[in-house]
Structures are given as C-alpha cells and as structure tokens.
Amino acid sequence: MKLKVLGCYGGNIPGHGMTSLLINDTLALDAGWVSEALSLKEQEKVKNILISHSHLDHTCTLPFLIDNNFSAPGFSLKIYAIPEVVASMRAHLFNNHTWPDFTCLPNDLTPVLKLIEIAPEHPFTINGLTIRAVKVSHIVPTAGYIVEDKDTAIAFSSDTGPTHRFWELVNGVKNLKAVITETSFPNELQDLAHVSGHLTPATLDAELRKLKKDVPIYLYGGKPKHLKTIRRQLRALKRKKLHMLVQGKTYKF
Ligand SMILES: [Zn+2]
C-alpha cells in the first residue's frame, strides 16, 4: 500500500496545518490539502475521498478539487463519511451559499459529486481496499479509518483526544503495518487539548499503551507555534517507533 502525505501539520511551508493523505494515488484520506498538493492530472485520479470530520483543515480543498475537475469528461467524485459528517457537509459546505451543491450538478440524475453515508465499523470496499470507519473522541462527530488490502493494513485515528474503541479495533487487525494518529499541543497546553479533543505527548503516551501491536506510529497535527516543543516532548517519551509524518513523503507499507 502506498501512502503519500499531502498535508500533515503546522509550519511554514504550503500544506502545513492541513490534513490529507493519499492512498495508492486514487483514494484520499481527508481533504485539507488535495487540490493544492496535486497537479491537475493527479487530481483527476482521485475518485474517492474518506472524510473523518467536518473541520476545515480536513475538508477545505474539496470545493476546489471539484471546481478544478468539474468539466473534465466523465469526472465524478465520491465522498464517504459517517452520517453526522455527511449532514454537516450538506448543511455547511455544499449548501449553495458556501459552495454550490454539486450533488445536484449538472443535474440530479448524473451529479459530479456523491456524498455517501457509511455506518461505523461496517466494512466496505473501494478499489480493492477494505475500509472500516471507527468513531473517535473529538469535539465534533469524527471517525478514524482502518484501511486494509490483502496483506497490509494501516489505521488513521484522525483528530482525537483519549479514545477507546479505535484501539480495541486496531488491536484486532491482522496485518497492521502502521498507525497514524495526532499530537496537536504540547503538555503545557493539556487543558486546551482536553477541551478541544486533541492529544499532547503525555496523553499520546497513555493512548499508545492501549496498542498491543509493535508497529510504527506516525503523527500529524502539531500546531505550528508549538512544533519544536512537541518534538522535544515526543523524543523524551523514548519510543523507538514514533515518528512525525513528513510533508510530501511517500511511504510504502
Ligand atoms: Zn478537528
């Protein structure tokens, strides 16, 4: 499984602060930085997007991805999310005010955009990948995703504070090769992390004790002003398989 980091955490280069990963060139995991990170040709290959939650740093390039490709022959995009997130995107994003409702364009019968509700923990397939959404603990309804092919699996928690079910399911994944999760704030801002549903290095450490598999952990989400402190506090955890995701890098699992 090939995973390219389109956007991962705060900083001074384009795409930092936005969250988006691309699997096998065709399936995006969140859309904080898709249209900006990919050429027009590359964007045309992205036919399916899993959205974890409605926050802008995970959705904000959806309108431009559709706009850039709307008139390309045969273009269509499927966006998958749990029902609460689909409802939020309908009400607040594709509502004809913030952006046109592309689920009715060019007409109701053959729209370029389909918003597809998925039930948490019910597997479904896209391009040979088996996918499960699992609810995590953020301030709005949010799902992480477990993505599996026949010999590899990765798990992405998306934005979350301390959570339970995600780790329970991840521990049961046979071919798990990596977990991608977040660390947004340094330990000094634990209160802020708590009210906003995010992790610090300290709460990440507690979360990782729930993981029973010895796999690499990749992090995203560090707020730009605190990246140095977060990195230092992560190093102090002395966990050998803990890494920050690298913007623009392609990982093979
Ligand atoms: Zn969020």
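Restricting the search to the stretch 54-80, which residues are closer than 13 Å to residue 99 by Cβ, surrounded by 17 or more Cβ atoms within 10 Å (Cβ to Cβ) and touching a Pro at 6+ places or on another chain (Cβ under 9 Å)?
Answer for the stretch 54-80, where residues must be closer than 13 Å to residue 99 by Cβ, surrounded by 17 or more Cβ atoms within 10 Å (Cβ to Cβ) and touching a Pro at 6+ places or on another chain (Cβ under 9 Å): 63, 66.
If we keep just the residues of the stretch 127-154 that are part of a loop (DSSP other than H, G, I, E, B) and within 14 Å of the ligand (Cβ to nearest atom), which is nearest to residue 27 (Cα to Cα)?
By that ranking, first place goes to 142.
I'd like the full set of residues that are free of Cβ contacts under 8 Å to residues at least 60 places away in the same chain and over 30 Å from residue 193 (Cβ atoms), limited to the stretch 118-147.
Correct list: 122, 123, 124, 125, 128, 130.
If you take the residues in the stretch 171-196 that are within 16 Å of the ligand (Cβ to nearest atom) and open to solvent by less than 10 Å² (accessible area, probe 1.4 Å), which one is farthest from residue 156 (Cα to Cα)?
Out of the qualifying residues, it is 193.
Is there any pair linking a residue in the stretch 84-96 that is open to solvent by 40 Å² or more (accessible area, probe 1.4 Å) to one that is of a type in the set (Ser, Thr, Tyr), with Cβ under 8 Å and at least six apart or on different chains, and which?
Filtered contacts from the stretch 84-96: 90/103; 92/54; 92/98.
Test residue 88 against the stated conditions and say whether it is within 16 Å of the ligand (Cβ to nearest atom), within 15 Å of the chain's Cα centre (by Cα) and within 24 Å of residue 18 (Cα to Cα).
No; evaluated as a whole, the condition is false for this residue.
Look at the stretch 205-242 and say how many of its residues are under 16 Å from residue 181 (Cβ atoms) and within 16 Å of the ligand (Cβ to nearest atom).
Of the residues in that region, 5 qualify.
The values are calculated or read from the model by the stated rules, or taken from the named source; none is laboratory data. These numbers come from a predicted model, not from an experiment. Positions of Cβ are backbone-derived with ideal geometry, glycine not excepted, and every protein chain shown enters the neighbour counts. Ligands, DNA and RNA are excluded from the accessible area calculation, which covers all protein heavy atoms including side chains. Shrake-Rupley method; radii C 1.70, N 1.55, O 1.52, S 1.80 Å.
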